[in-house]
Structures are given as structure tokens and as C-alpha cells.
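J.: This is the structure I want to talk about, given as C-alpha cells.
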Amino acid sequence: MNPTTSEGIRETQDLPRSDRKRIALVIQYQGTDFNGWQRQPNGRTVQEEIETAIATVLNHPVTLHGAGRTDAGVHAAAQVAHFEATGPIPGYRWATILNHRLPSDVLIRASAQVDQGWHARFSALWRRYRYLLYTDSRPNLFVRPWSWHYYHAPLDENLMQAALNPLLGRHHLSAFQRAGTRRPHAWVEVQEVSCQRQGPFIRIEVQASGFLYGMMRLLVGLLVEVGSLGRSLENFTEIWVHERRDLVKYSAPAQGLCLLRVGYPDFPFEPDVWFDTYPEWVLGSTPASFSRTHFS
């Protein structure tokens, strides 16, 4: 019998609480070939891949609860999730066990047993996303899967930072919410914002209590209009303050977006496991000690 189906098999969450262990995972994935995080009837998803791997070990289906639901094509440097397990396998061993069963575009960085009251989604205090723009006029194969190649016009990162600053605080951001959400409101507590350039790369980061459906990609799409001088700072702010979703026309491509990390008041993992696992892009920079004269 297929362990990923529930027919005739009790799922772990149906067992007595005393027989269960709650296991937390820190997960990385390249979202290119996924239809998002959440399991769905048609299309490959991250949740389904990991649930299937866990089920092959436990020989019964499980439900994996994620901290956030990334869209199709979106990456994660440190997504967090948990599931219920029984048996003698210690929490820290699950990472190695699952990595032997997962495809090459999903990786468990670490695993640990947590208290039964701990929840990957509801215990989280914040989520942080990064969007990466590549602005060189020449394409680069090695950054294509991870960035939006935007070369149509110069981008002013200082203007983009100025546009982000008023978003700090608690605001109703329905202007940056795609249709189809089940969320009952659009209030978001934005905790940190930044827009920095490093050579041909512009890195946009937003940390918030939670994110609306499609929020970051719609936000970046409008922000690029400011950076390219196609929209004023004042107009950018007016659009989201007055909830003019009809004026937000463009959604940035999925491949530039990454769930960077998730924050908890009581996290069982060391910072080097989850805090800064997205590599810094330094392509295009040349050390001062290595000049063109080396080739003459």
C-alpha cells in the first residue's frame, strides 16, 4: 500500500499524544520546478515531496506544516516546517534520513524535536524575504535562476529605499495582495526594509509579521517603477495608502524571490543553521589587486 495515501492507515496525528514527537525542519529549496510550497491536486510541490519522503520512513501519511506558503518558482533559504512522528528516531537524525530520499532541489539543513505546543506557522514572530535584481546589460547563466534580469533602464536604489521606508509599521496593504487569498484582512506589521546595491545586484529585503498572497512580487514590481524614474515617491505611497490595487500593474518574476528566514522566540537551531544561508552574490566585482594589466 502506498504510504502517502490515508486509506486504511492512521496518520500520526491520530495517535495518542504521548506516542508522538513533534519534529521541526529547516528547509532549503530551489523553487524553479515547483508549483509552490502547498500540496495541490496537480503539480509538483515542496510539501508533497517532503511528506512523501517522511511517509516512506514511517510507513503512513503525515502532514507537514510550513511557516509560509511560497508561490510557484519562489525559493527558500531557510523555510521552517514541522510534522508529527512516532518511533525511536531522534529529532536530529531526520535531516540526514530525509536528505537521502529527497530530490536534488530540496535540502533539509537541520532537524530537531520540539515541544508539542510549538508550531512552525503560529509560533513564528516574523518572516523575511529577499528579492534579487541583476542589472548588468549582459545576461549571466549562473544567476538567471535566482534573479530578475532587469536592464531596461538604470535603477536608483536610493530612491527605492526611500519608497520602502514609509511601509514600516502596521498598515493595510491590500494594494499588494493578489486575488484568491483566504486571509480575512490585509493588515501587516512591517518590521524592517532595505534596498542595497552590490555591483550589478540590487537586494531588496522586507521583514514582516506575515505576508499577503503575492505581496513581495507586487511590491517589487511597483518599486522598480520608482527606481527607473517611472513613478514618483509620493505616488508610490499614495497607491498603497489609498489601497489602489488597480494601479499596481506588474508582478516581479518569481525567480528573484527567496524566503530568507523565519524568526521564533524559542528556536531549537543555532543561527548558523538558519540565519544567513543565502550566499552573497559578488559576481562582477574585481579585486583592486587584480587589474586588467594581468592580461596585457
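The values are calculated or read from the model by the stated rules, or taken from the named source; none is laboratory data. In this text the structure is predicted, and so the values were computed from the model without any measurement. Every residue, glycine as well, gets a Cβ built from its backbone with ideal geometry; the counts of neighbours run over all protein chains shown. These area figures cover heavy atoms from the full protein model, side chains too; ligands, DNA and RNA do not enter into them. Shrake-Rupley method; radii C 1.70, N 1.55, O 1.52, S 1.80 Å.
J.: Please go through (1) in contact (Cβ under 8 Å) with a residue 24 or more places away in the chain; (2) open to solvent by 50 Å² or more (accessible area, probe 1.4 Å); (3) touching a Ser or Thr at 6+ places or on another chain (Cβ under 8 Å) for GLY91 and return the number of the only condition it doesn't satisfy.
T.: Among (1) in contact (Cβ under 8 Å) with a residue 24 or more places away in the chain; (2) open to solvent by 50 Å² or more (accessible area, probe 1.4 Å); (3) touching a Ser or Thr at 6+ places or on another chain (Cβ under 8 Å), the lone unmet condition for GLY91 is (2).
J.: Can you tell me which residues in the range 215-226 are open to solvent by 10 Å² or more (accessible area, probe 1.4 Å) and closer than 19 Å to HIS75 by Cβ? Please lay out each step first, then the result.
T.: Filtering the range 215-226 for residues open to solvent by 10 Å² or more (accessible area, probe 1.4 Å) gives 217, 225.
Correct list: ARG217 only.
J.: Before we move on, is GLY210 under 25 Å from GLY31 (Cα atoms) and open to solvent by 20 Å² or more (accessible area, probe 1.4 Å)? Before you say what the answer is, go through the steps one by one.
T.: Working: under 25 Å from GLY31 (Cα atoms): yes; open to solvent by 20 Å² or more (accessible area, probe 1.4 Å): no.
No: the conditions fail for GLY210.
J.: List the number of the failed condition for GLU243; all other conditions in (1) at positive phi; (2) not in a loop (DSSP other than H, G, I, E, B) hold.
T.: (2)
J.: Of the conditions (1) buried (at least 17 other Cβ atoms within 10 Å of the Cβ); (2) more than 17 Å from the chain's Cα centre (by Cα); (3) part of a loop (DSSP other than H, G, I, E, B), ASP71 fails just one. Which one is it?
T.: (2)
J.: Being out of contact with any Ser or Thr (no Cβ under 9 Å at 6 or more places or on another chain) and surrounded by 15 or more Cβ atoms within 10 Å (Cβ to Cβ) is the requirement here; does GLY263 meet it? Walk me through how you get there before you give the answer.
T.: Numbers: out of contact with any Ser or Thr (no Cβ under 9 Å at 6 or more places or on another chain): yes; surrounded by 15 or more Cβ atoms within 10 Å (Cβ to Cβ): yes.
Answer is yes for this residue.
J.: Name the single residue, out of those in the range 74-88 being over 25 Å from MET216 (Cα atoms) and small (Gly, Ala, Ser), that is most open to solvent (accessible area, probe 1.4 Å). Show your work before the answer.
T.: Of the range 74-88, the ones over 25 Å from MET216 (Cα atoms) are 83-88.
Keeping just the survivors that are small (Gly, Ala, Ser) gives 85, 87.
On the way: ALA85: 2, GLY87: 40 Å².
Once the filter is applied, the top-ranked residue is GLY87.
J.: So, one more: Would you tally the residues in the range 227-251 being open to solvent by 10 Å² or more (accessible area, probe 1.4 Å), among the small types (Gly, Ala, Ser) and over 17 Å from THR181 (Cβ atoms)?
T.: Number of matching residues: 3.
J.: Filter the range 37-57 for residues that are touching a helix residue (DSSP H, G or I) at 6+ places or on another chain (Cβ under 7 Å) and surrounded by fewer than 20 Cβ atoms within 10 Å (Cβ to Cβ) and give the result.
T.: GLN38, ARG39, ARG44, VAL57
J.: Now, a different point. So the check is Cβ under 6 Å with 6+ separation or different chains; which pairs have a first residue in the range 131-143 that's farther than 23 Å from LEU164 by Cβ and touching a residue at least 12 places away in the same chain (Cβ under 8 Å) and a second one that's open to solvent by 30 Å² or more (accessible area, probe 1.4 Å) and not aliphatic (A, V, I, L, M)?
T.: Close Cβ pairs satisfying both conditions: SER137/TYR151.
J.: Give SER111, SER147 a once-over and let me know the one that is of a type in the set (Ser, Thr, Tyr) and more than 19 Å from ASP71 (Cβ to Cβ).
T.: Details: SER147 fails: more than 19 Å from ASP71 (Cβ to Cβ).
None of the others qualify; the one that does is SER111.
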